[in-house]
Amino acid sequence: MKIYHNPKCSKSRQTLEIIKGETSAFEIIEYLKNPISAEEITVLLSQLNIKPIELVRTQETIWKENYKGKELTEREIINAMTENPKLIERPIVVKNNKAVIGRPPENVLSLFA
């Protein structure tokens, strides 16, 4: 199990606490310190079963100032997240080949069912 975590985010911290209550076998990936590649994002999108734009934090200033209103391909959206990890919705929790976004944090419980 992996959690793509931002310790400054309350939802990410809450999700991590839920995971700790369920298992001790997990890896924390602080994606702002250790950015994830376009390939990793593509795999996450597949595991989440969503389109790239659904993983973007569209209210972030970076998005509004640089990307909002532009016609972007899926690859361009993925590249924007690679270049600006702050744009990635958080937290993302992966177990086996399934992933969920911890918004709300209780979403993670579906991975333990």
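Close amide-amide hydrogen proximity is noted between I88 and R57, each under 5 Å apart and 5 or more residues distant or on a separate chain (H modeled in the peptide plane; Pro and chain starts excluded). Volume per residue of the convex hull around the Cα atoms, evaluated for the range 1-103, comes out as 93 Å³.
Using a cut-off of 25 Å between Cα atoms, the listed pairs K70/K95; K11/K70; K20/K51; K51/K95 include K70/K95; K11/K70; K20/K51 as exceeding that distance. Normalised by the number of residues in the range 2-112, the average gap of Cα pairs under 8 Å and 6 or more apart makes the relative contact order 37 percent. Counted over the range 2-112, the DSSP beta bridges are approximately 65% antiparallel. Using the alpha-carbon centroid of each, what span in Å lies between the range 1-57 and the range 72-113? Measuring centre to centre over Cα atoms gives 6 Å.
Read-outs throughout are calculated quantities, based only on the coordinates presented, and are distinct from any laboratory measurement. Because the structure is a prediction, the values reported are computed rather than measured.
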